[in-house]
Amino acid sequence: MDHPTDDIQNSPAIPPRRAPIGWLEETIPARGCSLSIADIKKLYDELSAINRKFGEDVIATMPRNPEATDDEWERYKTHLLQDAFCLTVSIRGERDQQLYGESAEIFDSEELPHPIQTIYMNNITAWRRNASNTDPRNRLEVFLDFSKPPLLDPSSVLSEPTPNGSEVTLRADDMTYFHAVRQVIDTKLLKHRTWYAPIHKSFAYDAGVWLVALPAGLIIATHYREQWLPVGGDFEAYRWAFFLYALGIVVLGYRFLTGYVKWAFPVNVLSDNQDRSLRHRIALGGIFAWLGYKAADAIYASLPFVS
């Protein structure tokens, strides 16, 4: 009886063992950024220069087509550098308008959507059309989301970060390429931080409930219970019912106020959108000032030395 192992061992077509393959890979969150179109254009220019250098290295090692003349070969290499090693950009507007480009000129286009909701750039699309739909060994994708969360989303998990898919995906065989891109991301993108970024992080809502909403609710409910339903009054039996109801109203109000704050102060901001959030922020400032005044007044009125 023949054994399959004998055929395998004696086969001359056995390939050699594959050598280990290593690469560098990182997904970088791009949340809490305040940017302008000019900032994004500078980011594009810097990343394009790095990707162009990668293209020059690849083209320099390509075997020459023996049937091409010197002039034809040089023209082909120039075309390949421009066509296969550019960053493509897709820009989507709030009403699903689409704009596509393959150079920094897209950011100066009169067709630029307004307001802009997302910007996506990568070096994969251009490579694939020149390399039989394969991926480059150094890959780069940048996705920026400038959308706003809904004012009140009952389906969201309150403890989770505010939904926003902005990120930079980097995968490179070349360590020099990887670190060059990482430095550009740090200096041209992530340094433009918003001051309110912590409100969109995990458990920000929970911290606000325990540190702000519940203490304020307890103070306000206690103050107005004693003022409106004093001990010995006609409605004394409703004191604790009113207390629990008032506390629940304050916590529910905080839930709505949190959604309003996250809408008025979105995860990422594009200044060119000019979404007129300033008046909403002023309104929020007035609301917080009033709540702070009422809480301070309630605390002061409950002090023993106040008659």
If you go through the range 92-108 one residue at a time, do you hit one that is under 21 Å from the mean Cα position of the chain (by Cα), surrounded by 12 or more Cβ atoms within 10 Å (Cβ to Cβ), more than 22 Å from Thr187 (Cα to Cα) and touching a residue at least 40 places away in the same chain (Cβ under 8 Å)? yes
Taking the range 71-90 and keeping only residues that are under 17 Å from Lys42 (Cβ atoms) and either surrounded by fewer than 16 Cβ atoms within 10 Å (Cβ to Cβ) or touching a Gly at 6+ places or on another chain (Cβ under 8 Å) (or both), one is left with Val89
Criterion first (surrounded by 16 or more Cβ atoms within 10 Å (Cβ to Cβ) and either assigned by TED's automatic domain parsing to the domain that holds Arg31 or touching a residue at least 12 places away in the same chain (Cβ under 8 Å) (or both)) does Arg128 satisfy it? no
With respect to Arg225, determine if the residue is charged (D, E, K, R), touching a Lys or Arg at 6+ places or on another chain (Cβ under 6 Å) and either in a helix (DSSP H, G or I) or surrounded by fewer than 18 Cβ atoms within 10 Å (Cβ to Cβ) (or both). yes
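Residue-wise test of (1) surrounded by 15 or more Cβ atoms within 10 Å (Cβ to Cβ); (2) part of a helix (DSSP H, G or I).
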residue: Leu211; (1), (2): no, yes
residue: Asp234; (1), (2): no, no
residue: Ala241; (1), (2): no, yes
residue: Leu244; (1), (2): no, yes
residue: Val267; (1), (2): yes, no
residue: Asp275; (1), (2): yes, no
Among Thr176, Thr187, the single one that is closer than 30 Å to Ile116 by Cα, modelled with pLDDT of 95 or more, in a helix (DSSP H, G or I) and not assigned by TED's automatic domain parsing to the domain that holds Gly253 is Thr187
State all residues of the range 151-205 that are over 14 Å from Val267 (Cβ atoms) and β-branched (Val, Ile, Thr); if no residue qualifies, say none. Val157, Val168, Thr169, Thr176, Val181, Val184, Ile185, Thr187
The range 189-221, subset among the aromatic types (Phe, Trp, Tyr) and in contact (Cβ under 8 Å) with a residue 12 or more places away in the chain, residue nearest to Ala301 (Cα to Cα): Tyr205
Residue list for the range 174-206, restricted to those being within 17 Å of the chain's Cα centre (by Cα), hydroxyl-bearing (Ser, Thr, Tyr) and within 30 Å of Arg255 (Cα to Cα): Thr194, Tyr196, Ser202
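The values are calculated or read from the model by the stated rules, or taken from the named source; none is laboratory data. Keep in mind it's a predicted model, so treat the numbers as computed, not measured. FYI the Cβ positions are ideal-geometry reconstructions off the backbone, even for glycines, and counts take in every protein chain you see.
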